[in-house]
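The values are calculated or read from the model by the stated rules, or taken from the named source; none is laboratory data. No experiment lies behind these values; they were computed from the predicted model shown. Don't worry about glycine lacking a Cβ; one is built from the backbone with ideal geometry, like all the others, and counts go over all protein chains shown.
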Amino acid sequence: MLTMADFCDQWFGFQDTLFENDDGRLEFSGNNCEALWPGDGKPGLWFSSISRMGAVYNLIWREEEIFMLENKKSKTDYDFHFDRDEHIELVVPPVFDNCTKVVAAEDGIAARELYWDAVCGKKEGLERKEELLLGSIEKNPFAGEPYVVLSQVYLTEGRFEEAEKAAETGLKLLLEWGCPWDKRTSWEGWVAWVRVLLLKAMEKSWPNTGFGILNLGLVK
């Protein structure tokens with residue numbers, strides 16, 4: 001679990017380039033020592049690898065639960081086996097639906113590229129951006145940032161109920177991870193922004209000027 005936390009907290013596009021992680025499997029099979037920091041800033045291709053780690057951890061947790069239940073049934077007074085660290089309670093993180101789902105490597109790549117096109121691509125209009133973001137979410141529903149950006153798209157279009165739902169999902173996922181996937185902005189920045197979006201969706205209002213958006217905040 002600590003390895004999962006370490007990767008998702010630190011990994012972004014620069015490391016993908018450094019280790020030539022083009023297939024999204026995070027196997028450290030390449031060595032591009034000429035990669036320049038910080039690269040293009042793209043989110044990292046770590047979802048597939050981390051989800052597989054989570055699935056293995058979930059199996060270990062289930063096996064440990066079964067072992068301890070069987071031991072309790074076979075003994076009148078159950079004693080912890082400290083050599084097995086049975087006094088330490090294993091906790092399954094909430095990510096990937098409590099570590100029960102795995103993201104395919106190709107889906108992780110597609111989700112990242114669709115998200116990147118939506119936020120950094122050509123000026124193609126909100127309808128196209130919505131299509132790209134929904135495509136990203138379909139490929140990988142476990143990243144919070146696509147929901148956050150989608151919420152802003154809906155707010156701009158005056159679709160407040162859909163914006164509220166997307167913001168709630170994005171906030172939930174960001175809180176589950178405790179770190180950002182898109183590391184161009186800090187986790188605290190993402191959480192603050194999505195809280196603003198959620199508030200405006202609940203108020204059913206959104207500014208239609210640049211200065212109006214610039215002045216958004218939770219302080220009234």
Practice task
Run down LEU26, LEU45 and say which single residue is part of a loop (DSSP other than H, G, I, E, B), at pLDDT 95 or above and of a type in the set (A, V, I, L, M).
Solution key: LEU45
Completion exercise
Of the listed residues (PHE142, PHE160), the one being hydrophobic (A, V, I, L, M, F, W, C), within 23 Å of ILE109 (Cα to Cα) and touching a residue at least 40 places away in the same chain (Cβ under 8 Å) is PHE142
Exercise for the section: Identify the single condition in (1) under 19 Å from LEU114 (Cβ atoms); (2) surrounded by 14 or more Cβ atoms within 10 Å (Cβ to Cβ) that LYS200 does not satisfy, given that it satisfies every other one. Expected result: (1)
Problem - the range 84-107, residues that are farther than 18 Å from THR3 by Cα, at pLDDT 95 or above, in a helix (DSSP H, G or I) and not acidic (Asp, Glu) - result: ALA105
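Kindly indicate whether any position in the range 55-71 is in contact with a Phe, Trp or Tyr (Cβ under 6 Å, 6 or more places away or on another chain) and at pLDDT below 95. Please lay out each step first, then the result.
Pass one, the range 55-71, residues in contact with a Phe, Trp or Tyr (Cβ under 6 Å, 6 or more places away or on another chain): none.
Within the range 55-71, none of the residues are in contact with a Phe, Trp or Tyr (Cβ under 6 Å, 6 or more places away or on another chain) and at pLDDT below 95.
Conditions tested, residue by residue: (1) within 30 Å of PHE14 (Cβ to Cβ); (2) of a type in the set (Gly, Ala, Ser); (3) in contact with a Phe, Trp or Tyr (Cβ under 9 Å, 6 or more places away or on another chain).
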{"residue": "LEU132", "(1), (2), (3)": "yes, no, yes"}
{"residue": "VAL153", "(1), (2), (3)": "yes, no, no"}
{"residue": "GLY158", "(1), (2), (3)": "no, yes, yes"}
{"residue": "GLU164", "(1), (2), (3)": "no, no, yes"}
{"residue": "VAL194", "(1), (2), (3)": "yes, no, yes"}
{"residue": "LEU198", "(1), (2), (3)": "no, no, no"}
{"residue": "MET202", "(1), (2), (3)": "no, no, yes"}
{"residue": "PHE211", "(1), (2), (3)": "no, no, no"}
